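Undergrad: Before I ask anything, let me first share the structure, which is written out below as structure tokens.
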Amino acid sequence: MSGHRIFERFGFNLPERTKETKMTLITDYNQLVFVPELFDWVSYDTAELLTGYLPSDELMVILENNINLELQ
């Protein structure tokens, strides 16, 4: 196999993606309440979500179908 190309690239480079992160400083934890329907913490004062997390469809299927509520 010496001298033969086994793998070769397709000829294009993907642009580098930079992930921007939003930092939120929490100083008063008593002003937040967890709302399970929103999957997030909500501020009492501003009704602003802390993380903006949205679970994937795959995670929702696992949570809805694989937790036995009768054992609680």
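The values are calculated or read from the model by the stated rules, or taken from the named source; none is laboratory data. Please read these numbers as outputs of a predicted model, since none were measured by experiment. Glycine also receives a Cβ, built like all others from the backbone with ideal geometry; neighbour counts cover every protein chain displayed. We work out accessible area using only protein heavy atoms, side chains counted, and drop any ligands, DNA or RNA first. Shrake-Rupley method; radii C 1.70, N 1.55, O 1.52, S 1.80 Å.
Undergrad: Could I have the simple spin-label model distance between MET60 and SER43, label points 7 Å from Cα toward Cβ, reported in nm to one decimal?
TA: Spacing of the two 7 Å Cα→Cβ label points: 2.7 nm.
Undergrad: Quick one: compute the contact order of the chain, relative version, from alpha carbon pairs under 8 angstrom and 6+ residues apart, as a percent. Show your work: numbers first, answer last.
TA: Details: 33 pairs, mean separation 10.3, N = 72.
Answer for the chain is 14 percent.
Undergrad: Then there is this: Once you have a ≥ b ≥ c as the square roots of the Cα gyration tensor eigenvalues for the range 33-72, tell me rounded if a/c is under 1.5, and otherwise prolate or oblate according to whether a/b is larger than b/c.
TA: Taking the square roots of the gyration eigenvalues as a ≥ b ≥ c, the range 33-72 is oblate.
Undergrad: Here's another thing I want to ask about it. Just the C-alpha atoms of the chain: what Rg/Rh do they give, with Rh taken as the Kirkwood radius?
TA: The Rg/Rh ratio comes out at 1.29.
Undergrad: Leaving ligands, DNA and RNA out of it, report the carbon-plus-sulfur percent of the accessible area of the chain at a 1.4 Å probe.
TA: 56
Undergrad: Tell me, what HN-Hα J-couplings in whole Hz come from the Karplus equation 6.51 cos²θ - 1.76 cosθ + 1.60 at θ = phi - 60° for each residue of the range 49-59, using x for Gly and Pro?
TA: 6, 6, 10, x, 5, 10, x, 6, 4, 5, 5
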